[in-house]
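Asks: Dropping a structure here in structure tokens format, bear with me for questions.
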Amino acid sequence: MSTHLHQHSSFKQYFLNLFHAIYTTVKGMYITFSYVWGVKVVSIEYPEVREVLPARARMRLFNDAENCISCTQCAMACPVDCIYIASEKMPEGAEIKKTTSGSPIRLLLTQFTIDTALCCYCGLCTTVCPTECLTHSHDYEFAQYTIDAMKYDYLAPDVRAWRDRIVKA
Ligand code: SF4
Ligand code: SF4
């Protein structure tokens, strides 16, 4: 008799366990799938798809060096001193060109380098630039393998080619 009762309760426990296992699995999967189906997709298939950045997004700095008057205001405003500028007097008798906004270019810009590894994208340099030649582009794809390669010489041919692409974009 007692063996019969014992068998009965084990049988009952077996089905209770089975029911519990199915119930908790279904409940868990319901929570999982409610996220899969209900959630708003926020990721994109980069690089095939690129997000359009907000108009005032601050990405890699762009110096339209032909309009730079070597005033160094940007370098003085920079809180991390990552803008390196050198200039010299225009050669005797050289034609004094003007920027597109009409400012005379009295100095010859010989170096304009920004160490983007140090830059904190604060935008102060662009704010003070009197000719508005220094701006933030929307280019965020400029990862490099070394820290040194993050120093961009804006008079170098490769950076000038990049500038030309940015202007056309
Ligand atoms: S964005 Fe800020 S940190 Fe970067 S170069 Fe300009 S002033 Fe310096
Ligand atoms: S503030 Fe503008 S014009 Fe003056 S040196 Fe910097 S980039 Fe050139």
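Here, each number is a calculation from the coordinates, and none is a lab measurement. Keep in mind that what you see is a predicted model, and the values were worked out from it rather than measured. Note that we place each Cβ from the backbone using ideal geometry, even for glycine, and neighbour counts take in every protein chain shown.
Asks: Taking the convex hull of the Cα atoms, report for the chain its projected area averaged over all directions, in nm². All intermediate terms of the calculation are to be shown ahead of the outcome.
Replies: Details: hull surface 71.3 nm².
Dividing the Cα hull surface by four gives the mean projection, 17.8 nm².
Asks: Would you mind computing, in nm to one decimal, how far apart the modelled labels at Tyr84 and Ala65 are, each placed 7 Å from Cα along Cα→Cβ?
Replies: 1.4
Asks: Please list 3J(HN,Hα) in residue order for the stretch 89-98, calculated via the Karplus relation 6.51 cos²θ - 1.76 cosθ + 1.60 where θ = phi - 60°; whole Hz, with x for glycine and proline.
Replies: Once θ is set to phi - 60°, the couplings for the stretch 89-98 become 5, 4, x, 3, x, 5, 5, 7, 7, 10 Hz.
Asks: Could you please tell me the mean projected area of the C-alpha convex hull for the stretch 1-42, averaged over all directions and given in square nanometres to one decimal? It would help to have the intermediate numbers written out before the result.
Replies: Numbers: hull surface 10.6 nm².
It is 2.6 nm².
Asks: Which one of Ile105, Leu124, Pro91 has its Cα pushed farthest toward the positive end of the charge dipole of the stretch 87-128, where Lys and Arg give +1 and Asp and Glu give -1 at the Cβ?
Replies: With unit charges placed on the Cβ atoms, the residue in question is Ile105.
Asks: So for the chain, taking the charge dipole from beta-carbon charges (+1 Lys/Arg, -1 Asp/Glu), which of Gly28, Leu61, Thr146 sits furthest toward the positive end?
Replies: With unit charges placed on the Cβ atoms, the residue in question is Gly28.
Asks: With runs of 4+ DSSP H residues as the only contributors, calculate the mean residue ellipticity of the chain at 222 nm using -39,500 (n - 2.57) per run, divided by the residue total and rounded to the nearest 500.
Replies: Details: 4 runs with 59 residues, N = 169.
About -11500 deg cm²/dmol.
Asks: In whole Hz, what ³J(HN,Hα) sequence does the stretch 113-118 give by Karplus (6.51, -1.76, 1.60; θ = phi - 60°), x for Gly and Pro?
Replies: So the Karplus estimates, Gly and Pro as x, are 10, 10, 8, 6, 6, 9 Hz.
Asks: If all Cα-Cα distances of the stretch 94-169 are sorted into 10 Å bins from 0 onward, what percent lands in each bin, rounded to whole numbers?
Replies: 14, 45, 33, 8, 0
Asks: Among Arg60, Arg50, Arg106, determine the one that fluctuates most according to a GNM of the chain built with springs between C-alpha atoms less than 10 Å apart.
Replies: Largest GNM mean-square fluctuation: Arg50.
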